[in-house]
Amino acid sequence: MPSSTILLLETNPDAATAVERPLVGIGYQVTTTADPNDAVRRAGEFALVIVDVGSGPRSGEDVCREIRGTAAFSAVPVLCMCQTDDVEERVRYLEAGADDVVAKPFDPRELEARVEALLVRFQRSRDLAPLALAEDGVPARRSIIACFSPKGGVGTTMIAVNVASWLAARAPGRVLIADLDLQFGQVATHLNLKPQLTVADLARDEQSLREPDLLRTYTVKHEGGLAVLAAPGTPEPGRLIGPDQVNLLLSTARTAFDTLVVDAGSELDDRSLAVVARAEAVVIPIVPEIGALKALHSLLEYLTEVGSAESTATFVLNHLFAREMLSMKQIEAAIGTQVTAEIPYDPGLYLKAINEGVPIVQGAVNSAPARALGKLASLVSGIREGAAPASDDRRGLLGGLRRRG
Ligand SMILES: Nc1ncnc2c1ncn2[C@@H]1O[C@H](COP(=O)(O)OP(=O)(O)O)[C@@H](O)[C@H]1O
Ligand SMILES: [Mg+2]
């Protein structure tokens with residue numbers, strides 16, 4: 001994150017260096033002022049504000065409250081330095097709206113870590129602005145992510161599999177992909193698995209629909225650490241699954257796993273609607289083709305009518321074709337909403353991934369499609385992109401920012 005700009009309000013010139021030095025040392029640009037009014041006025045020009053007020057006409061809490069009370073500065077994190085390690089003082093700062101506090105005397109590494117953590121957190125909340133934010137403005141981690149498209153053949157399954165696989169690499173064994181494309185589900189094919197049991201078998205077993213440990217026995221593990229609940233191999237058994245069973249499945253799976261990625265297919269019925277209504281993030285792939293865009297437009301009108309998915313949807317432009325006729329402007333105009341992410345075209349990688357059963361984010365990590373898919377996974381899950389796969393844990397204090405493990 002270095003090269004971010006930081007405004008330091010420091011009323012005690014002797015103390016300034018102690019705060020500035022470690023931050024400048026790792027590449028931040030720090031601007032220091034001793035004037036609280038100046039700090040309040042200029043807060044919006046910086047990536048982060050540090051308030052260190054030892055004495056003077058205005059207290060640190062007042063300055064913090066004033067910055068936090070200015071709507072235009074809501075995207076700027078405020079870190080307050082407590083003059084003592086007194087709990088009361090910390091609480092006063094937090095009540096004044098401080099996003100974090102560091103007590104004096106402080107260890108420079110703690111300051112660095114807290115600054116970095118705040119910048120990451122606020123950057124993420126900016127990236128996620130189109131998605132629903134929790135009340136405090138910080139994106140909540142989303143545990144049910146659905147992929148749905150009103151038209152087949154647009155990359156819905158490819159995206160679901162890659163998003164799930166990216167997440168599983170960061171939390172092996174704790175991510176489930178559930179194939180609820182109950183007619184023609186292809187998740188198992190994309191992962192080259194041939195499970196004995198499918199979601200249709202699970203749906204007939206009421207007890208396992210309710211108990212996380214039993215539900216797990218219906219899943220198979222992909223080599224990347226992803227748990228998979230497959231769709232039935234033929235359309236018939238899927239028909240018997242109702243929306244109540246889907247809801248129950250989602251609730252129990254949510255207890256059994258940290259994150260649940262659902263391939264909801266491309267048929268709008270009471271089952272897929274149940275998924276879309278429950279999901280905290282809905283990924284809707286679109287392709288630059290007028291038929292698909294029209295289908296999407298009707299879907300959006302419908303979803304708006306039933307009051308579903310508006311705030312949770314992320315539109316992903318999947319460049320499915322080698323040659324394209326439509327510009328982004330035309331596409332956004334056709335669907336009447338903004339596109340938040342893009343997945344590049346590739347003549348061979350996607351097919352190779354399916355043929356080999358190894359998702360691109362796992363088998364072609366450094367390719368442009370893998371990077372775009374990783375970025376998308378991070379965006380919709382709320383898990384930051386820099387978070388290393390689970391085996392790599394070198395980042396000390398920041399480790400706590402990630403999911404457990
Ligand atoms: N960006 C892309 N470039 C090239 N081929 C793609 C791209 N995205 C998807 N595909 C291919 O399109 C086909 C359909 O993808 P799939 O995920 O099965 O779609 P859906 O689930 O929407 O029916 C697959 O063969 C996949 O390899
Ligand atoms: Mg599919």
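Restricted to region 176-246, the set of helices (runs of 4 or more DSSP H) holding at least 3 residues that are away from ligand 1 (no atom under 16 Å from the Cβ) comprises 199-203, 206-210, 212-216, 235-239.
Take the residues in region 51-107 that are of a type in the set (S, T, Y) and farther than 23 Å from V120 by Cα; name whichever of them is farthest from the chain's Cα centre (by Cα).
Initial filter on region 51-107 (of a type in the set (S, T, Y)): 55, 59, 70, 74, 84, 93.
Narrowing the set further to residues that are farther than 23 Å from V120 by Cα leaves 55, 59, 84.
Working: S55: 41, S59: 37, T84: 36 Å.
Per the criteria, the residue is S55.
Filtering A256, A279 for residues that are more than 16 Å from ligand 2 (Cβ to nearest atom) and crowded, with 24+ Cβ neighbours inside 10 Å leaves a single hit, A279.
Residues checked against (1) of a type in the set (F, W, Y); (2) in contact with a helix residue (DSSP H, G or I) (Cβ under 7 Å, 6 or more places away or on another chain); (3) away from ligand 2 (no atom under 16 Å from the Cβ):
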residue	(1), (2), (3)
R170	no, no, yes
D205	no, no, yes
P243	no, yes, yes
L248	no, yes, yes
D263	no, yes, no
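Residues in region 346-364 that are within 12 Å of W166 (Cβ to Cβ) and either modelled with pLDDT under 95 or within 16 Å of ligand 2 (Cβ to nearest atom) (or both): P359, I360. Scanning region 367-382 for residues that are surrounded by fewer than 20 Cβ atoms within 10 Å (Cβ to Cβ) and touching a strand residue (DSSP E or B) at 6+ places or on another chain (Cβ under 8 Å) turns up just one, K375.
Just one of the numbered conditions (1) more than 16 Å from ligand 2 (Cβ to nearest atom); (2) in contact (Cβ under 8 Å) with a residue 12 or more places away in the chain is not true of I343: (1). If I filter region 190-198 for residues that are more than 15 Å from ligand 2 (Cβ to nearest atom) and under 23 Å from the mean Cα position of the chain (by Cα), do I get at least one hit? No, region 190-198 has no match at all. In this structure, does A160 turn out to be away from ligand 1 (no atom under 16 Å from the Cβ) and either at pLDDT 95 or above or in a strand (DSSP E or B) (or both)? Against the criterion (away from ligand 1 (no atom under 16 Å from the Cβ) and either at pLDDT 95 or above or in a strand (DSSP E or B) (or both)), A160 does not qualify.
Of the residues E267, E301, only one is of a type outside the set (S, T, N, Q), away from ligand 2 (no atom under 16 Å from the Cβ) and assigned by TED's automatic domain parsing to the domain that holds Q183; which? Only one candidate passes the filter, namely E301.
Could you grab me the full set of residues in region 351-370 that are under 23 Å from the mean Cα position of the chain (by Cα) and of a type outside the set (A, V, I, L, M, F, W, C)? The answer is P359, Q362, G363, N366, S367, P369.
For region 340-355, filtering for residues that are more than 6 Å from ligand 1 (Cβ to nearest atom), of a type in the set (V, I, T) and within 20 Å of Q186 (Cβ to Cβ) leaves 0. Note on region 289-309: among residues that are in contact (Cβ under 8 Å) with a residue 40 or more places away in the chain and in contact with a helix residue (DSSP H, G or I) (Cβ under 6 Å, 6 or more places away or on another chain), the one that is surrounded by the most Cβ atoms within 10 Å (Cβ to Cβ) is L296. Candidates are the residues of region 172-207 that are of a type in the set (S, T, N, Q) and at pLDDT below 95; the one that is surrounded by the most Cβ atoms within 10 Å (Cβ to Cβ) is Q183.
Scanning region 263-320 for residues that are within 16 Å of ligand 1 (Cβ to nearest atom), of a type in the set (S, T, N, Q) and under 17 Å from the mean Cα position of the chain (by Cα) returns a single hit, T314.
Pull up region 360-385, narrow it to residues that are part of a loop (DSSP other than H, G, I, E, B) and among the β-branched types (V, I, T), then point me to the one that is farthest from V283 (Cα to Cα). Step through it out loud before you land on a result.
Initial filter on region 360-385 (part of a loop (DSSP other than H, G, I, E, B)): 364-367, 382-385.
Those still in the list that are among the β-branched types (V, I, T) too: 365, 383.
Details: V365: 21, I383: 16 Å.
By that ranking, first place goes to V365.
The values are calculated or read from the model by the stated rules, or taken from the named source; none is laboratory data. Note that this is a predicted model, so its numbers are computed, not measured. Cβ sites come from the backbone with ideal geometry, for glycine too, and all protein chains shown count toward neighbours.
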